[in-house]
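Trainee: Handing you a structure now.
The values are calculated or read from the model by the stated rules, or taken from the named source; none is laboratory data. Just so you know, these numbers come straight off a predicted model, no measurement behind them. Heads up, the Cβs are rebuilt from the backbone with ideal geometry, glycines too, and the neighbour counts pull from every protein chain shown. For the accessible areas, the whole protein counts, side chains as well, though only heavy atoms, and no ligand, DNA or RNA atoms are used. Shrake-Rupley method; radii C 1.70, N 1.55, O 1.52, S 1.80 Å.
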Amino acid sequence: MDQIEIYLEKNIFHIISQKDLQNLRIWNKKTHEETSFTLVSEGHYQISAEKVIALLDTTKNDRAYIIFGDHQEVNLAHSQLKQLRNDQVTQTTIGGIPLSLYVSLDDTLRFMCNLLPSARAYYLKNNVHTINVNNDTVSLNLDIYTRFFPLKALDFKVTHRQLEKSFTLTDFIPSSSDQVDNNTFINHIQISYQPAKQLQKIAPNINLNGYNWQFFDLRFQLHFATMEVRPRSFRVDYNANCAKDCVVPYTNNLLLYLDWYGTQKYNKLSHRIAFVPKDTYQTYLEFKKNDHKEKPVFHSRTVLISEYPQKAQDNGFVLFSYLMHKKSSEFDPYFVVTKDSPDLANLKKYMDHVVFYNTPEHVKIFMQTDILCHTHSSDYAMPFRNNYFIEKKKTIHKVFLQHGITAVRNIDHLYGKDAQPDFTNKFIVSSEREKQLVIDKLGYDAKDVAITGFARFDLLLKHNNRLTSFLKRKRVLLMPTWREELVNLSDDEFVKTDYFKELNSLITSKRLLTIKQSQHLTIDFYLHTNFQKFAHLFHSNEVNILHEGQQTVQNILKSHGILITDFSSVGLDFALLNRAVLYYQFDGLPANGALSDQSEKILPGPIITTEEELISELQVKVKNNRLDDKYAKNVSQNLYKFQDRHARDRIFELLRKL
């Protein structure tokens, strides 16, 4: 194979080739002008940097192609580029104009001014072959494959995906660079860093309790000894062999657990985090060590029930209290919740069967669980997220109790069978329409979708009648749902959104306040649990800002006579009470779109897009807050199949058959 050498000496570019490059010259593609190299000796050509610059348009980024013979480019695809010495370069500056002799993305030699060569031209791939932990330090042993040039150094960057904050560590030097074929190098690099120390810097106020939703992405930037390149970050590739326990100390009692995984689309290395008490982690290790041993046999099947880790007020809690009162010998029910949950008072009567999240007891109960009933992600039931618990979860019968009737929001990315194949085994719904939607849009088999109704509806409908609803007509609840794309904003960013501006405008509207005073209304405003952290940003002298933990969502709904929402499923709950729902969609449909093109048709209330129209409609409903007949008919046909309070009984029979 032919060998080519390139270098710069005293602002003279040299090309030495074993192949005859007859009439070697540079050519400007735009002007079609050419300038020839000088033949120094056989196979040795040179051209001054000044001549190259003279051919280029130095007012912008410009390129000159190196050609020979009958307009052929000098291509290194089938030639070996001789390695430069450490004191040799191929770049210079002439009159303040940077100039490079470089290998392009398509393997040809070219000149370029005012722009550095792309790092993409010299990067091939990477491979993490081990991840090691020593005390507080994590080390990634990484092989970086490069073309034409070995690495001088590497910069390493870890980004907190939600906060969009990063830390960068520089100048990791390869231990060696092996040339494995003519133009390919394997650069062996160990990247060592202290994740706990760095995390405390970029997220000093991070919540140490409950399920952790935070993700971190790993990138690196390349530096070459003989050529400066444009800065570009490359993602570290995932290697399943490295998905092992990775823990470092965080505080005296807590460990920081890094859960390595490959991203869904491109299989790049990222990690979630969990803060794990030391005794919890030790309990996990004991189970893992004894995994091969015969498991104890229990007379009753263990049912673990979960909502959001800090919640105990939804379908999960209602089913749990039902099972506790039923005292069936078939099931041994447990409810998992965080120690700082504002809903602990709801569980006071059942504390012997309450499991605190991320504790040794949580590990023990989870490992003996036969049936998992969950209102949100089934991952919330795990003590912390890792491959061992994920594999255990796959063996458990999972029943998705839901937390709202599926109607408007596109939830395929959260609960769809293709996107989340291990999410659940049984999907609880409330109508034939909803069942068909789950089959058609979320990809579940008909046998895995059960029409039982929601456990909490049994209590929602209790003591509800026409008179009760009418007497509550002057109590108005504003309860919009959250926006996935806004959840990680700072306070300063959030107040600039249309979401904040529109809702804040409504609760401070002079017209609304005039109606409130003249009609003697009570107006309450309650944000979704994911947006409760922004509640302090809303201010109104006449509208009450409700805070999480003061009462359950269901009690809030039952105590009001009119609901204003956007596309939240609470509107469907409220309609079951035969009370008016106003859909104020000030910013259109959700960012993820609607789950069905029929979504708007099944909403049990008018869709309103302006503040003035909303207030006018509210004036009407204060006089008669009964659900209009056309919406009431829609409820019975499309939202809730049953007219009874036996959903819990139907769910119980389903559990018995698992």
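Trainee: Which lysines, if any, have their Cα less than 20 Å from the Cα of residue 30, not counting same-chain residues under 8 positions apart?
Mentor: List returned: 51, 60.
Trainee: Could you order peptides 480-492, 263-275 by the average number of other Cβ atoms within 10 Å of their residues, highest first?
Mentor: Highest to lowest by the protection proxy: 263-275, 480-492.
Trainee: Let me ask another. Give me the angle, in degrees from 0 to 90, between the Cα long axis of helix 432-442 and the longest principal axis of the Cα atoms of the chain, rounded to the nearest 10.
Mentor: For helix 432-442, the angle is close to 10 degrees.
Trainee: Ordered by residue, what ³J(HN,Hα) values in Hz, to whole numbers, does region 638-654 give under the Karplus form 6.51 cos²θ - 1.76 cosθ + 1.60, where θ = phi - 60° and Gly and Pro are x?
Mentor: 10, 10, 9, 6, 9, 10, 10, 10, 10, 4, 4, 5, 5, 5, 4, 5, 5
Trainee: For the chain, what is the accessible area per residue in Å², given a 1.4 Å probe and the full set of protein chains?
Mentor: Averaged over the residues of the chain, the accessible area is 45 Å².
Trainee: Under 18 Å Cα to Cα from residue 447, which aspartates and glutamates show up? Leave out anything in the same chain fewer than 8 places away.
Mentor: List returned: 418, 422, 432, 434, 653.
Trainee: While we're here: Which loop-located trypsin sites (Lys or Arg not before Pro) does region 73-137 contain, where loop means any DSSP state but H, G, I, E or B and the Cβ has at most 14 other Cβ atoms within 10 Å?
Mentor: 82, 85
Trainee: Something else now. When we measure straight from the Cα of residue 268, which lysines land under 19 angstrom away, once same-chain ones fewer than 8 places off are left out?
Mentor: Leaving aside lysines fewer than 8 places away in the same chain, those within reach of residue 268 are 125, 157, 165, 244.
Trainee: Moving on. Can you work out the FRET efficiency for the pair residue 345 and residue 135, with r the C-beta to C-beta distance and R0 = 30 Å, to the nearest 0.05?
Mentor: According to the calculation, E is roughly 0.10.
Trainee: Can you find, among 521, 478, 506, the residue farthest towards the positive end of the dipole of region 474-527? Put +1 on the C-beta of Lys and Arg, -1 on that of Asp and Glu.
Mentor: 521
Trainee: Could you look at the chain and say what percent of its accessible area is carbon and sulfur, using a 1.4 Å probe and all protein chains?
Mentor: Of all accessible area on the chain, carbon and sulfur atoms account for 46 percent.
Trainee: In whole Hz, with x marking every Gly and Pro, tabulate ³J(HN,Hα) for region 507-521 from phi via Karplus 6.51 cos²θ - 1.76 cosθ + 1.60, θ = phi - 60°.
Mentor: So the J values, rounded to whole Hz, are 6, 10, 5, 5, 5, 5, 5, 5, 5, 4, 6, 6, 9, 6, 8.
Trainee: Still on this structure, please answer the following. Relative to the present Cα-Cα distance, how much length would full extension add between residue 537 and residue 432 at 0.36 nm per residue of separation?
Mentor: The residue 537-residue 432 span can extend by a further 33.7 nm.
Trainee: Can you compute 3J(HN,Hα) from phi for each residue in region 195-212, using the Karplus curve 6.51 cos²θ - 1.76 cosθ + 1.60 with θ = phi - 60°, rounded to whole Hz and x for Gly and Pro?
Mentor: Calculated HN-Hα couplings, in order: x, 5, 4, 5, 4, 5, 7, 8, 9, x, 9, 5, 6, 8, 10, x, 5, 9 Hz.
Trainee: When DSSP assigns beta bridges and you keep just the ones with both residues in the chain, what percent turn out antiparallel, to the nearest 5?
Mentor: For the chain, the DSSP antiparallel bridge percentage is about 70.
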